[in-house]
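The values are calculated or read from the model by the stated rules, or taken from the named source; none is laboratory data. A quick note: this is a predicted structure, and the numbers were derived from the prediction, not measured. Please note: Cβ atoms are built from the backbone with ideal geometry, for glycine as well, and neighbour counts cover all protein chains shown. When the accessible area is computed, the model is the full protein with side chains, heavy atoms only, and any ligands, DNA or RNA have been set aside. Shrake-Rupley method; radii C 1.70, N 1.55, O 1.52, S 1.80 Å.
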Amino acid sequence: MAFLELGGWSPAMVVLDAMEKTAGVRILQAELNDQPGVCLKLTGALAALEAAVETARRVSKEMQVAAVVELIPGPAEAARPAYEAAPDLSPLIEQPTVQLPRPSGQTREGIMNEQATFAVGLIETQGFTAVFEAIDTAVKTAKVEVLAREKLGGGYITVVIKGDVAAVRAAVDAGKARVEGLGRLIAAHVIPSPSQAVLSLLPPG
C-alpha cells in the first residue's frame, strides 16, 4: 500500500495522474481532511508502488506542494479497518469525504474511456468568490466545459474544466490571473489525457 497526503485536491489529482501513468497502480480511496488536504490510498505490486511513490515525490517537489508519501510493503490485514474508510458524508462541506473510484465501465457523462483525448484543467482557491470569478473568466476565454467542483475544509474549492489542451491551458491561465484580490490561489494545473484514476474520482458537477 502507498499513502500520500497532499495539501489540496488539485495537486493530488496531478500527482495521482503521474503515478498511474508511471506504473500499474490502482487507487483504492481518496479521503478528504481539513488540513485541508487529501489522502490518496493506492495498491498494486511492490515494484509498481515503489516507482509510483518516487514519481509522487518528484512531482510534489516540482509543484512545491508539501506531501507526506509512505509505502508500506505487505500491510497487515488487521490494519485494514483503519485505513480503508467507510463511505460517509460531511454536512459541513455537503459531500462525501471518502471518495471511491467508479469502475471503469461506469461512465461519467461519457468522459471515461481507454485513453482520454482531452485535457482537464483545475483551478483551486481558498475563497469561493475567487474561484467563481476565475471560472467565469476561463469559460469566456476559451471553448471549455465545466465538469465538476470539489470542496475541502477551510474554504478550499476546486473547479474542473474540460477541453482540448490548448483551450484548457488558455482558460486556466486567464482564470488564475483573476484570483488576486479576491482570494488565495492554491493551485492551477492542466492534465493532458487524464488517467482513468483521475476521471474515476471526478465529483458530480
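In whole Hz, with x marking every Gly and Pro, tabulate ³J(HN,Hα) for region 162-167 from phi via Karplus 6.51 cos²θ - 1.76 cosθ + 1.60, θ = phi - 60°.
9, x, 6, 4, 5, 5
Take the alpha carbon gyration tensor of the chain, find the square roots of its eigenvalues, order them as a ≥ b ≥ c, and report rounded if a/c is under 1.5; if not, report prolate when a/b exceeds b/c, else oblate.
Because a/c hits 1.5 or more and a/b exceeds b/c, the chain counts as prolate.
Leaving out ligands, DNA and RNA but keeping every protein chain, what accessible area does Leu89 have, in Å² rounded to the nearest 10, with a 1.4 Å probe?
The value for Leu89 is about 120 Å².
With each label point set 7 Å from Cα along the Cα-Cβ vector, what nm distance links Leu46 and Arg80?
With each label placed 7 Å out from Cα toward Cβ, I get 2.0 nm.
What does the extension gain come out to for Lys21 and Lys143, with contour length at 0.36 nm per residue minus their alpha carbon separation?
Details: separation 122, 0.36 × 122 = 43.92 nm, distance 2.68 nm.
Going from the current span to full extension adds 41.2 nm.
Using a Debye calculation, one point per C-alpha and no hydration shell, please list log10 I(q)/I(0) for region 1-80 at q = 0.16 Å⁻¹ in order.
-0.51
For the chain, which whole percent of the accessible surface, found with a 1.4 angstrom probe, sits on carbon and sulfur atoms? Don't skip to the end; give the middle numbers.
Working: 5160 of 9580 Å².
Solvent-exposed carbon and sulfur of the chain make up 54 percent of the total.
Taking the solvent-accessible surface of protein heavy atoms with a 1.4 Å probe, what is the per residue accessible area of the chain in Å²? Mind showing how you got there, number by number?
Details: 9580 Å² over 205 residues.
Value for the chain: 47 Å² per residue.
Give the residue from Phe3, Ala197, Gln99 lying farthest towards the positive end of the charge dipole for the chain; charges sit on Cβ (+1 for Lys and Arg, -1 for Asp and Glu) and the dipole is referred to the Cα centre.
Of the options given, the answer is Ala197.
Which is farthest toward the positive dipole end of the chain among Ala174, Thr22, Leu40, measuring Cα position about the Cα centre, with Cβ charges +1 (Lys, Arg) and -1 (Asp, Glu)?
Positive-most Cα among the choices belongs to Ala174.
Which lysines have a Cα lying under 21 Å from the Cα of Lys162, excluding residues fewer than 8 positions away in the same chain?
In chain and number order, the partners are Lys21, Lys140, Lys143, Lys151, Lys176.
Assign one of three labels to region 152-205, namely rounded, prolate or oblate, based on the Cα gyration tensor with a ≥ b ≥ c the square roots of its eigenvalues; rounded applies when a/c is under 1.5, prolate when it is not and a/b is larger than b/c, and oblate otherwise. Please list the in-between numbers first.
Working: a/c = 2.62, a/b = 1.23, b/c = 2.14.
Verdict is oblate for region 152-205.
Just grab the label-to-label distance for Ala66 and Glu94, each label 7 Å out from Cα along the Cβ direction, in nm (one decimal).
Between Ala66 and Glu94, the simple spin-label model gives 2.9 nm.
Can you work out ³J(HN,Hα) from phi for every residue in region 118-129, in order, using Karplus 6.51 cos²θ - 1.76 cosθ + 1.60 and θ = phi - 60°, giving whole Hz and x for Gly and Pro?
10, 10, 10, x, 10, 10, 10, 10, 9, x, 5, 4
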